[in-house]
Amino acid sequence: MAPSENSTESSLGGTDHVEAWVFDLDNTLYPASCTLFPQIDVRMRAFIAERLGLPLDQAFRLQKRYYRDYGTTLRGLMLVHGVEPTAFLDYVHEIDCSVLTPCGRLDAALGRLPGRKLVFTNGSERHAVNVLARLGIARHFDGIFDIGAADYIPKPQPATYDLMARRHGVDPRRAAMFEDIHANLRPAAAIGMTTVWVNDPHAEWGLPTPGEDMSHVHHETADLAGWLDARHPAVYCPPNE
């Protein structure tokens, strides 16, 4: 696991240097306990079964193998089967976003963050727009770098991080990145970004193996809104007497 928050904070000197805040989308800006991503998971399986003529159990195994081997299921389908990416993305993101509950604490915390806020996702821009709108936080974000912008080369491929930084004018040494999958923070740390692992206790993937090197995780939290609020708390102004 990552170092304790206090020891990590003292070694990195906090986040006062950060000018760009880069957030993953799914299971980061909303909790893993939400039933949104499981909808995507089911639709991926159904797409593979229909497109490749497989039983659902075989489609599920292939889905997970491609995710493990290629970074995303889509990347494996593109390289091995020549699947057209927009057809896949349009299908798997046709989901019910009403299961998301807007979080006032996160909305307020994002509003107090100085600097730009960006979404960096292996999903589609359309999906990100829908999720941000449902969460009520879209107005805080200055841009979305999606899988299409990455030429369908997903995190954690290092070239994708460089491309995101160039496209949005991000100086990695003055940026922080938030992710629910800790391995996706390794390339971010390598180019100088401060990293925050959103380690939701309900997460079923993205967890470290025993003894895995976690030095690329600079901060760790199970409460994104609380973590942000602790660094940029609301300022109390007493009423005039």
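For segment 180-222: of the residues being surrounded by 15 or more Cβ atoms within 10 Å (Cβ to Cβ) and charged (D, E, K, R), which is nearest to Leu25 (Cα to Cα)?
Looking at the filtered set, the residue picked out is Asp180.
Filter segment 69-108 down to residues that are in contact (Cβ under 8 Å) with a residue 60 or more places away in the chain and aliphatic (A, V, I, L, M) and give me whichever is surrounded by the fewest Cβ atoms within 10 Å (Cβ to Cβ).
Val99
Would you check if there is a residue in segment 78-86 being assigned by TED's automatic domain parsing to the domain that holds Leu224 and not in a loop (DSSP other than H, G, I, E, B)?
The answer is no; no qualifying residue exists.
Here are some residues: Gly148, Gly111, Gly169, Gly143. Which one is in contact with a Leu (Cβ under 6 Å, 6 or more places away or on another chain) and either farther than 18 Å from Cys34 by Cα or crowded, with 16+ Cβ neighbours inside 10 Å (or both)?
Gly143
Go through (1) of a type in the set (A, V, I, L, M, F, W, C); (2) out of contact with any Phe, Trp or Tyr (no Cβ under 6 Å at 6 or more places or on another chain); (3) assigned to a strand (DSSP E or B) and name the single condition Val119 misses.
Here Val119 meets the rest and fails (2).
Picking from Ala46, Ala2, Ala32, which residue would you name as being modelled with pLDDT of 95 or more and among the small types (Gly, Ala, Ser)?
The match here is Ala46.
Search segment 44-57 for residues that are of a type in the set (D, E, K, R) and pair each with any residue that is assigned to a helix (DSSP H, G or I) and at pLDDT 95 or above when their beta-carbon atoms are under 7 Å apart and the residues are at least 6 apart or on different chains.
Arg45/Leu56; Arg45/Ala59; Arg45/Phe60; Arg45/Gln63
The values are calculated or read from the model by the stated rules, or taken from the named source; none is laboratory data. Since the structure is predicted, the reported quantities are computational estimates derived from the model, not experimental observations. Ideal geometry is used to build each Cβ from the backbone, glycine not excepted, and the neighbour counts take in all protein chains shown.
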